[in-house]
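The values are calculated or read from the model by the stated rules, or taken from the named source; none is laboratory data. Small disclaimer: the values here were computed from a predicted structure and weren't measured. Ideal geometry is used to build each Cβ from the backbone, glycine not excepted, and the neighbour counts take in all protein chains shown. For the accessible areas, the whole protein counts, side chains as well, though only heavy atoms, and no ligand, DNA or RNA atoms are used. Shrake-Rupley method; radii C 1.70, N 1.55, O 1.52, S 1.80 Å.
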Amino acid sequence: MAKIRGSDHIEKEIVMAEQHTFDSSDERRREEEAEAAGPQYEEKNVHEVYEAIAEHFSRTRYKPWPIVERFLLSQPPGSIGLDIGCGNGKYLSVVGRQQGVFIIGSDRSPSLTTIASTSHQEHDAIVADTLSLPHPAASFDFAICIAVIHHFSTRERRVAAVGEVLGVLLRKPGGTEGELERGAGRALIYVWALEQKNSRRGWDEGGEQDVMVPWVLTTPKPAQSRKEKKKPRQQHGNRGVEDKSMEMTNEDVDATVVDASSQIVNPPDASADTEKPKEAEKNTPQTYLRYYHLYRQGELEEDVVTAGGKVVESGYEKDNWWAIIEPGV
Amino acid sequence: MKLLTLNFLTCAIKTCKSTPASFPLHPRDAELEIAETDLNLAFLKSILARLLWPELRTICSEFGLPTLPESRPEPADLVDPDSSEGEEESPSQTARDLHRVLLETCMREGKLVCGNCGHEYAVKEGVANFLLPAHLV
Ligand SMILES: [Zn+2]
């Protein structure tokens, strides 16, 4: 990503793989809460968080994943596509007019959408809800929906979201005379996997699927103490391409993870504990919790079929399940 | 927001989407700006077939822009006939007009109104917002 704005924010990473203490009554409460008020639950536990962390989040999202890149590069010239849940628009830089491709990105967060639309001027970006997309049905050659569907808090809403993605795709060979004959439109969907044996998050098969994942943000004092300057964590501010640690990962490599039913997270604040109370207060990191549904193996395909779609290809890559889908007949 | 994008936008309300009156959305109090960008002839040719031409003409006339030709141009119409053979094709006036309308003319401020339900979507600083109030979802 070429345009990275400077900022005073620094990320504080918490390396602590907290064990999930799964409590079935807490979980039932969470489910009830989510089912009774899915949109409000997600407003508080997803949308408000992204809005608050938009700028910082955006600076850590710059490297496209290979399978997404491959999917985008395989679109023939003249393809019109959607990037549903485009965030800062990192995938809008993969293809452009050179490849004859035009993409409309959409995101629920106005702040992220503004970043996307100003940094990727070959395409366009709008603020929209994935469950209420403002696009005519069956109009697009392709769509990508990366790291979005796992934020919906009930299965019904996740299936509805997949259905919304399927709904915008072209249904049959179409176009006017002389045009390259097209098949149905296809979408690539990525969701976070429950099976993450090799990540530090400590999730795996059989574990809790509904979790809260913190994003920790600190705003440093104008004049930093020497102690803070020495901290290596400031590399996040403008990571160069030489840092490979972020490029394949999905989200928040070092996040503390808590069960979605837990209410409180107390991030250990190692940098502030020796400061004078007043200064420490100023520098208190803010922890934002985002809700995720972690997909178990096969679950994404089940949701696609329930939504009336067909799975063309699917797989696992770096802590994520992905599927290329098209509308069913 | 580019006018090309408007060719792919309709009302976000589910019951509206299936009605013809909801597409295209109608600009109101629109402020346009021109953001110049390089013309890519191959790109224009390749997306021609994907444009909904009568709707695009409607959008242009509602913005008070010069009228587009009545029928959709063919890819060959976008090439300057004076381009000499063997050299790189140069864009015709039609191509330049189309480039200006689709990719350089941007809606900066204003509203987009659904012709079916009358709902207004705000466009601010070039970004249209299609989030619906809870009672319309
Ligand atoms: Zn409407």
- [ ] Being at positive phi and facing another protein chain (nearest Cβ under 9 Å) is the filter; apply it to the range B:114-137 and report the residue that is nearest to the chain's Cα centre (by Cα).
- [x] B:GLY126
Open item on the list: Residue under question is A:GLU195, and the condition is that it be surrounded by 14 or more Cβ atoms within 10 Å (Cβ to Cβ), modelled with pLDDT under 50 and of a type outside the set (Gly, Ala, Ser); does it hold?
Closed with: no
Open item on the list: Can you find, within the range A:292-317, the residue that is surrounded by the most Cβ atoms within 10 Å (Cβ to Cβ) among those that are of a type in the set (Asp, Glu) and touching a residue at least 12 places away in the same chain (Cβ under 8 Å)?
Closed with: A:ASP303
TODO: Would you please name the residue that is surrounded by the fewest Cβ atoms within 10 Å (Cβ to Cβ), looking only at residues in the range B:90-137 that are away from the ligand (no atom under 13 Å from the Cβ) and of a type in the set (Gly, Ala, Ser)?
DONE: B:ALA134
Open item on the list: Name the residue that is nearest to A:ILE104 (Cα to Cα), counting only residues in the range B:1-13 that are within 11 Å of the ligand (Cβ to nearest atom) and either crowded, with 23+ Cβ neighbours inside 10 Å or at pLDDT below 95 (or both).
Closed with: B:THR10
Open item on the list: Tell me yes or no: at least one residue of the range A:149-160 is open to solvent by less than 10 Å² (accessible area, probe 1.4 Å), more than 18 Å from A:GLN40 (Cα to Cα) and not in a helix (DSSP H, G or I).
Closed with: no
Task: Criterion (within 20 Å of the chain's Cα centre (by Cα) and surrounded by fewer than 23 Cβ atoms within 10 Å (Cβ to Cβ)) met by exactly one of A:ALA125, A:ALA37, A:ALA52, A:ALA116 - done: A:ALA52
Task: Selection within the range B:49-65 - closer than 16 Å to B:MET107 by Cα and part of a loop (DSSP other than H, G, I, E, B) - done: B:PHE63, B:GLY64, B:LEU65
Open item on the list: Anything in the range B:24-38 that is more than 12 Å from the chain's Cα centre (by Cα) and within 16 Å of the ligand (Cβ to nearest atom)? List them, or say none.
Closed with: B:ARG28
Open item on the list: Looking only at the range B:84-137, count every residue that is among the aliphatic types (A, V, I, L, M), touching a residue at least 24 places away in the same chain (Cβ under 8 Å) and either in contact with a Leu (Cβ under 7 Å, 6 or more places away or on another chain) or in a strand (DSSP E or B) (or both) and tell me the total.
Closed with: 11
- [ ] Output the number of residues of the range A:83-100 satisfying the condition of being within 11 Å of chain B (Cβ to nearest Cβ) and part of a helix (DSSP H, G or I).
- [x] 3
